[in-house]
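Visitor: Mind having a look at this structure? Questions to follow.
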Amino acid sequence: MEPLTQRSLRDLRDAVRSGEVSAREVAQAHLNRIAEAEPSVSALLAVTADDALTQADAVDLARSRGDAIGALAGVPIALKDVICTRGVATTCGSRILSGWKPPYDATVTARLRAAGAVMLGKANCDEFAMGSSTENSAYGPTRNPWNLACVPGGSSGGSAAAVAVGEVAGSLGSDTGGSIRQPAALCGIVGLKPTYGRVSRFGLVAYASSLDQIGPMARSVEDAALLLDAIAGLDPLDATSVDAPPFRAESAMRGDIRGLRIGVPTEFMGDGVDGPVASAVRAAVEALCALGATAEECSLPTARHSLATYYILAPAEASSNLARYDGVRFGVRAAGGFGHAGMTEASREAGFGAETKQRILVGTYALSAGYYDAYYLQAQKVRTLIRRDFDAAFKRFDVLVTPTSPTVAFGIGERSDDPLAMKLADVCTLPANMAGIPGVSIPCGMDRGLPIGLQIMGRSFDEETTLRAAHAYEQATHWHTLRPEVAC
Ligand code: GLN
């Protein structure tokens, strides 16, 4: 029989529910897998084995008593280390938060706990989710399970690698400009950025608050949908969460996509997109059409400004959000420095990494009195135009299909000295954050032994159609069944 660590999240849930296996056996099998694979991939910053086994035992006890158990009872998961977990260190991949234990759970953490999911650990990420490769973590890089010399993508690279190697059945990441979808693509798994407002951000350590969104990562569309089902919905603790009609995983899994209208924006298929990636995406569009959809090329003329716009807005918001790390309230307080200002300066100097410092400087500059209109305000206006392009496209199409990343995974260190090349990794994913719409990445091919991701974007709060298209494609192809062989 298939090892427990290869089975889908849904299978594991059903097996625990029926009593075929205990939640403890599931947790233990995954902890063993973690012990085996971690030396190669370094996906996790903390493994919470004791808590996990206690949680698993609680599920088994409830089941043996005939008590109701949650929708994800016994399912092993990991959370990106920017998501607060009460009493469990939450570092954001930063030295400045080393040793900080949040006194509360994020809403998503609490919802998964209530659903019976068993958290096995916290996943590595770029510092404060700033990056595209997980190389900006203060705790060292995570490696791509398909080729250990390559990056897993980022910033949710740990969440992606942990799922790809079977350390957990699913995970949560956060996506401000592509940080769920791009690592999902580079590690050959499914990653969904929900609509802005679909999932509460309470307890997600803020990077750029108008763009940040938490979402699921898993080895199939259905597994991602089940996780979304558990975490989505209005939360009085996050004023930007929305009371939208609820998302239902089952209705998204009804496979029929006959008559679905697909737009293929030409701006995402041109220069800079590697040949094998473009070919895989074209083949995927054909596969969707063979299932009864229709496809047409279209244009999102302003989308090409997304990168420039994002790298004003995200650092501007970050410079404001990160002002709270002052050496007083959280984490590291460095010795040296004179007086209050000196202490703050020394703590930030010692606590923040280079990329984070640079973003704070850029953001502060863009918001400063003389430059606000020229940069920040201008970027806000362009953001509105990008959103309008999407509104217009969604009058004609139900979903838009593009590559997730213009290339497959690159080598560790390969883009470290080339910030533009690094930022171009997100050129296809940033527009969805600008517009606030949902986007999912699913495996659609291989190039030189590394996975290629297909991005499907949908209308605001229409995760159902977006995932239905993804699920139909997945069921008709074999890409999602491929697994990396991690040398242990
Ligand atoms: N790579 C982008 C950045 O560095 C996006 C990160 C994200 O989505 N968190 O800001």
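Visitor: Residue-wise, which Karplus ³J(HN,Hα) couplings in Hz belong to the stretch 40-47, taking 6.51 cos²θ - 1.76 cosθ + 1.60, θ = phi - 60°, and x for glycine or proline?
Guide: 8, 9, 6, 7, 10, 8, 8, 10
Visitor: By average Cβ neighbour count within 10 Å, what is the ranking of 205-211, 446-452, 193-199 from highest down?
Guide: 193-199, 205-211, 446-452
Visitor: Another question, if that's okay. Once each part is reduced to its C-alpha centroid, what is the distance from the stretch 269-288 to the stretch 145-159 in angstrom?
Guide: A separation of 22 Å, based on Cα centres.
Visitor: Now a separate question. Looking only at the chain, where both bridge partners belong to it, what percent of the DSSP beta bridges are antiparallel (to the nearest 5)?
Guide: In the chain, DSSP labels about 70 percent of beta bridges as antiparallel.
Visitor: Further question: For 267, 167, which order do you get if you count the other beta carbons within 10 Å of each Cβ and list the fewest first?
Guide: 267, 167
Visitor: With point charges of +1 on the Cβ of Lys and Arg and -1 on the Cβ of Asp and Glu, referenced to the Cα centre of the chain, which listed residue (121, 313, 217) lies farthest in the positive direction of the dipole?
Guide: The residue sitting farthest along the positive end of the dipole is 313.
Visitor: Also, quick follow-up: Can you sort 474, 355 by how many other beta carbons sit within 10 Å, fewest first?
Guide: 355, 474
Visitor: Quick one: compute the contact order of the stretch 1-110, relative version, from alpha carbon pairs under 8 angstrom and 6+ residues apart, as a percent.
Guide: 24 percent
Visitor: Around residue 70, under 12 Å between beta carbons, what's the net of Lys plus Arg minus Asp minus Glu among the other residues?
Guide: My count for the surroundings of residue 70 gives +3.
Visitor: Using Cα pairs under 8 angstrom and six or more residues apart, how large is the relative contact order of the chain, in percent?
Guide: The normalised contact order for the chain reaches 18 percent.
Visitor: For the stretch 314-370 and the stretch 224-263, what is the separation of their C-alpha centers, rounded to whole Å?
Guide: 37 Å
Visitor: Could you sort 249-256, 62-69 so that the peptide with the highest average Cβ count within 10 Å comes first and the rest follow in order?
Guide: Put in order of decreasing packing, that is 249-256, 62-69.
Visitor: How much net charge surrounds residue 41 when only other residues with a Cβ under 13 Å from its Cβ are counted (Lys, Arg +1; Asp, Glu -1)?
Guide: Charge balance in the 13 Å sphere: -2.
Visitor: May I pose another question? What ranking of 60, 274 emerges when the number of other C-beta atoms within 10 Å of each C-beta is taken as an exposure proxy, fewest first?
Guide: The order, fewest Cβ neighbours first, is 274, 60.
Visitor: Roughly speaking, what is the centre-to-centre gap between the stretch 49-108 and the stretch 390-469 when only Cα atoms are used, to the nearest Å?
Guide: After rounding, the separation between the Cα centres reads 29 Å.
Visitor: Dipole size in debye (nearest 20) for the stretch 86-184 around its Cα centre, Lys and Arg Cβ +1, Asp and Glu Cβ -1?
Guide: Computed about the Cα centre, the dipole is about 280 debye.
Visitor: Next up: What does the charge count near residue 93 come to, summing +1 for each Lys or Arg and -1 for each Asp or Glu among other residues with Cβ under 11 Å from its Cβ?
Guide: So the surrounding residues net to -2.
Visitor: Order the peptides 184-191, 24-31 from the highest to the lowest mean number of other Cβ atoms within 10 Å of their residues.
Guide: Listed from highest to lowest mean packing, they are 184-191, 24-31.
Every number in this text was worked out from the coordinates using simple rules, so none of it is lab data. Everything numeric in this text was worked out from a predicted model, so none of it was measured. So basically every Cβ, Gly included, is an ideal-geometry build from the backbone, and we count neighbours across all protein chains shown.
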